[in-house]
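The values are calculated or read from the model by the stated rules, or taken from the named source; none is laboratory data. Computed from a prediction, not measured in an experiment: that's the story for all the values here. Note: ideal-geometry Cβ built from the backbone for every residue, glycine included; neighbour counts use all protein chains shown. Accessible surface areas use protein heavy atoms only, side chains included; no ligands, DNA or RNA. Shrake-Rupley method; radii C 1.70, N 1.55, O 1.52, S 1.80 Å.
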Amino acid sequence: MPLKATPYSNIKIFAHPDKIDSMKNGDRTAPLFLRIKPTNMCNHRCYYCSYADDVLGLRDRVAKNDQIPWGKMREILDDMASMGVKAVIFSGGGEPLVYPKIVSALRKARDSGIDFAMITNGQLLNGERAEALSNAKWVRVSFDSADAETYAMTRGVSPASWGQVCENIKNFSRLKAPSCELGVNFVITHDNASQAYEAAKLVKSLGANHIKFAARVTKDLHEYHKPFKENAFELIHMAISDFADDSFRVVNKYEEDFEHDAVPVRPYSKCFIKDISAVIGADSKVYFCHDKAYVSNGVVGDLKERGFKELWFSDELTERFNNFDPVAECRHHCVYDDRNILLNTFFSLNHNHINFV
């Protein structure tokens with residue numbers, strides 16, 4: 001099988017040369033995409049959820065009843081369209097499909113010419129909600145058990161929910177547009193590590209386009225995974241060998257998660273991700289990034305007080321961005337660390353011998 005980039009490739013930024021030039025020159029331009037957390041309410045109670053249980057000792061208390069008012073959501077999407085923001089991911093916080101106006105939000109994004117995607121537990125991925133998502137660029141279902149018993153224990157739901165989500169994945173794989181990438185995110189824990197191979201087999205049979213394996217992130221990442229890590233590696237490699245083909249990919253992010261400590265020191269003094277994307281929480285506050293969502297020192301503005309476009313181009317946000325030092329402010333897990341390393345390396349190239357590629 002020929003080598004292909006996965007949906008999680010860290011080089012997609014190079015498809016946006018105008019954005020690269022603006023960051024290099026220090027110009028303020030619209031972010032490429034936003035992650036919006038419409039609600040903090042959820043119909044699952046996953047024991048590893050970083051919003052329900054702050055496993056890294058980082059987040060402030062997450063108010064479970066928070067959700068973005070529909071009027072504010074409409075305003076955010078209008079601002080995105082007028083600014084030229086290209087895409088939006090609806091995620092948690094809580095479960096985005098619980099948000100009462102999620103179908104309207106998806107349709108408004110579509111009608112505004114904004115690419116949209118979603119991360120969901122899949123329990124409500126049916127009916128009108130599934131139809132509204134059928135033309136998404138991608139949908140990723142958090143689904144991390146190969147049997148109903150483990151699923152129920154992990155997620156605090158009834159065993160019957162496992163079969164319902166399996167059915168929703170299968171039905172959505174038939175409903176969605178061919179251009180919509182349907183993936184499954186399998187977070188490896190001590191309870192499900194032995195199921196990696198069977199999970200890949202199951203997910204492929206349900207019609208998904210890929211399964212991504214990732215580690216449960218904890219303060220003691222290496223110690224926590226040590227008892228089962230090597231066996232999980234072996235099962236994932238077997239799954240790649242047996243199930244990966246032109247129509248289905250097995251994405252091994254699990255091994256990559258151990259390349260950096262859970263609380264690393266940033267090897268660069270410039271964060272470019274904050275210029276590429278931002279997070280809007282269910283509390284209507286804007287945060288630097290996914291890892292700083294619901295963290296007091298991660299707040300860059302409050303949309304209860306103004307619109308997103310006004311905030312993004314304000315003098316105070318520009319000053320905050322200019323003074324931001326990831327070495328001092330990001331001594332914690334960073335999901336975008338590899339991208340920041342790549343961009344910092346790219347911008348530091350010696351142009352004296354740039355042609356000797």
note = Condition set charged (D, E, K, R), part of a helix (DSSP H, G or I) and open to solvent by 60 Å² or more (accessible area, probe 1.4 Å), scope region 302-343, selection nearest to residue 274 (Cα to Cα): answer is 320
inquiry  = With the requirement that a residue be open to solvent by 10 Å² or more (accessible area, probe 1.4 Å) and among the charged types (D, E, K, R), what does region 84-106 give you?
reply    = 86, 101
remark   = Note: among 298, 281, just one is crowded, with 16+ Cβ neighbours inside 10 Å and without any contact (Cβ under 8 Å) to a residue 24 or more places away in the chain, namely 298
inquiry  = Let me spell it out: the conditions are (1) of a type outside the set (S, T, N, Q); (2) open to solvent by less than 60 Å² (accessible area, probe 1.4 Å); (3) within 21 Å of residue 7 (Cβ to Cβ), and residue 256 meets all of them except one. Which number is the exception?
reply    = (2)
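Restricting the search to region 347-357, which residues are part of a helix (DSSP H, G or I) and without any contact (Cβ under 8 Å) to a residue 12 or more places away in the chain?
We begin by selecting, within region 347-357, every residue part of a helix (DSSP H, G or I); these are 347, 351-353.
The answer is 351, 352, 353.
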ask   = Just one of 43, 10 is within 20 Å of the chain's Cα centre (by Cα), under 19 Å from residue 288 (Cβ atoms) and either surrounded by fewer than 19 Cβ atoms within 10 Å (Cβ to Cβ) or without any contact (Cβ under 8 Å) to a residue 12 or more places away in the chain (or both); which is it?
value = 10
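Collect the residues in region 186-213 that are under 17 Å from residue 150 (Cα atoms) and either of a type in the set (Ser, Thr, Tyr) or outside any helix (DSSP H, G or I) (or both), keeping them in residue-number order. Let's see the steps before the verdict.
Going through region 186-213, the residues under 17 Å from residue 150 (Cα atoms) turn out to be 186-203, 213.
Result: 186, 187, 188, 189, 190, 191, 192, 194, 197, 213.
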query = Within region 56-67, is even one residue part of a helix (DSSP H, G or I) and open to solvent by less than 20 Å² (accessible area, probe 1.4 Å)?
reply = no
